[in-house]
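Inspection log for the structure reproduced underneath, given as structure tokens.
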Amino acid sequence: KPIANEEKDKLLLAEKYLRRYYDMPAGLQGERKASDLMHQKIREMQAFFRLEVTGKLDDNTLEVMEMARCGVPDVAEYN
Amino acid sequence: HFPRDLKWKNTNVTFRILNYTPDLRKADVDKAVRNAFNVWSRVTPLRFKKLYEGNADIMISFGAKEHGDFNPFDGPEGLLAHAYPPGNGIGGDTHFDEDETWTKDFHTFNLFLVAAHEFGHALGMAHSSDPGSLMYPVYSYGKGYPLSEDDIKGIQSLYGENPDHGRVKPKPDAPTKCDPELSFDAITELRGETIIFKDRFYWRLHPQMPEPEQTLIKSTWPELPNQVDAAYENPEKDIVIIFSGIQMWALNGYNLVEGYPKYIHKLGLPKTVRKIDAAVNIRDTGKTLLFVDEEYWSYDEEKGTMDSGYPRSIENDFPGIGDEVDAVAYHYGYLYFYHEHIQFEYSYSSRKVMRIMRANSILNC
């Protein structure tokens, strides 16, 4: 049980992060499309931070997502 | 830059501080804001005028959670502040998260540094991927002039150079790992990982991680200086000793050990020694070798004293590696000496060089 919660927390953190800083659209996109989109946005973020681009939510990627930072997005227009 | 290279049409920009954080004296906030604008005016024709009423280009405020722009803050840590690109209305406005603790030193989070970054956005700068840039999205503390070459190039391509100001000395950009001339400042093990120090950065090598990860030293260890001369791990005590100048720090993982920094002369080195070039603990013997110019000392970790009969000549005792060392590591009976862009694999038992490689071959280059 706790493991599932932990995984879920990581996923929520990543979703929030990618929505805020990588222009990932909110709301329902249908199962398959949502996960493709998430992997694509994770790759974008890993490329920006010069991490290994895997599209997966590995420890290094999560570690960067938890760091204190500026609220302006890393890509696209800020309005 | 932001899309369409948004920028202010003229270089006289106004700002107004709408409210103040209770974390700092008002005068400290005024000073942090003024110094943050000075960072950008030093390298451009931009001039910043403070208003005390009415509408200014850059309206500065502190707020928590939802604070009026539908871009809510998130409580302590995480999101620290944000700013809008140049433009009318909310354009240029800069908001700081009041749920953070704002400081004027290395404790998190330094208001001057965050403000300098946010004003970069308010002037038209977007985020940089260079971890050594002020416009890098992740917070890190550092002293000195905060703009890197990347930052300066970016702002000057929007507003031009500062006509009455000579070149400022930018922070050096992050070192690139596959630069053939790359040399190291220091190298140490840390709980199974290899840490390589260069300028204000370190690479972290983990056996399972194909790519070395580059980070600012101060992002991980704010108390450490920006420049490391030597480092070694004492696995028995699970500590890493970091040397810089005549001081040394002890790290237990990511925490600084109580009572440090200390002077290196506490180890028994003569006062004439002002800097250690390299250090390594030989696990099999319990001795730590300290390399200074063309000589080295042997320190007995068990007794906590220098061995007698030192210093000795590097060239005589380690034939084939030359007479100076930048960094040294020890793995399974081999010493890895680094000098300039060369790495010597030296067999401790047969006392000879087995291989000569480029220093950055350890970084998969």
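Can you say whether A:ASP23 is closer than 27 Å to B:ASP69 by Cα, within 13 Å of chain B (Cβ to nearest Cβ) and at pLDDT 85 or above, as far as the supplied structure shows? Walk me through it before giving the result.
On the way: closer than 27 Å to B:ASP69 by Cα: yes; within 13 Å of chain B (Cβ to nearest Cβ): yes; at pLDDT 85 or above: yes.
Yes.
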From the residues in the stretch B:172-196 that are surrounded by 22 or more Cβ atoms within 10 Å (Cβ to Cβ) and free of Cβ contacts under 8 Å to residues at least 60 places away in the same chain, which one is farthest from the other protein chains (Cβ to nearest Cβ)? B:ILE195
Contact list, first residue from the stretch B:301-318 and in a helix (DSSP H, G or I), second anywhere and surrounded by 13 or more Cβ atoms within 10 Å (Cβ to Cβ) and among the charged types (D, E, K, R), beta-carbon distance below 8 Å, six or more apart or interchain, is B:ILE314/B:GLU294; B:ILE314/B:GLU295; B:ILE314/B:ASP323; B:ILE314/B:GLU324; B:GLU315/B:GLU294; B:GLU315/B:ASP323
For B:ASN71, all conditions in the list (1) over 28 Å from the mean Cα position of the chain (by Cα); (2) at pLDDT 95 or above hold save one; what is the number of the exception? (2)
Do we have any residue at all in the stretch B:30-48 that's assigned to a loop (DSSP other than H, G, I, E, B), touching a Lys or Arg at 6+ places or on another chain (Cβ under 8 Å) and either closer than 23 Å to B:TYR145 by Cα or of a type outside the set (Lys, Arg) (or both)? no
Taking the stretch B:75-108 and keeping only residues that are aromatic (Phe, Trp, Tyr) and at pLDDT below 95, one is left with B:PHE106
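So, in the stretch B:191-211, of the ones that are within 16 Å of the chain's Cα centre (by Cα) and within 19 Å of A:ASP58 (Cβ to Cβ), which residue ends up modelled with the lowest pLDDT? If you could, list the steps in order and put the result at the bottom.
First, the residues of the stretch B:191-211 that are within 16 Å of the chain's Cα centre (by Cα): B:195-204.
Now restrict to residues that are within 19 Å of A:ASP58 (Cβ to Cβ): B:203-204.
Numbers: B:TRP203: 94, B:ARG204: 91.
Per the stated criteria, the residue is B:ARG204.
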Of those in the stretch B:109-154 that are crowded, with 21+ Cβ neighbours inside 10 Å and among the β-branched types (Val, Ile, Thr), the residue nearest to the other protein chains (Cβ to nearest Cβ) is B:VAL114
All positions within the stretch B:319-341 that are free of Cβ contacts under 8 Å to residues at least 60 places away in the same chain and touching a helix residue (DSSP H, G or I) at 6+ places or on another chain (Cβ under 6 Å): B:ASP323
Taking the stretch B:263-298 and keeping only residues that are within 27 Å of the chain's Cα centre (by Cα), farther than 15 Å from B:TYR232 by Cα and in a strand (DSSP E or B), one is left with B:TYR263
Among the residues of the stretch B:64-104 satisfying the criterion of being touching a residue at least 40 places away in the same chain (Cβ under 8 Å) and outside any loop (DSSP other than H, G, I, E, B), which is surrounded by the most Cβ atoms within 10 Å (Cβ to Cβ)? B:PHE96
What's the total number of residues in the stretch B:62-88 that are under 24 Å from B:THR11 (Cβ atoms) and away from every other protein chain (no Cβ under 11 Å)? 2
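Would you confirm, using the coordinates I've provided, whether B:GLY142 is more than 21 Å from B:SER219 (Cβ to Cβ), small (Gly, Ala, Ser) and modelled with pLDDT under 95? Write out each step before concluding.
On the way: more than 21 Å from B:SER219 (Cβ to Cβ): no; small (Gly, Ala, Ser): yes; modelled with pLDDT under 95: yes.
Judged against the criteria, B:GLY142 is not a match.
The values are calculated or read from the model by the stated rules, or taken from the named source; none is laboratory data. Computed from a predicted structure; not experimentally measured. Counting neighbours? That spans all protein chains shown, and the Cβs are built from the backbone with ideal geometry, glycine included.
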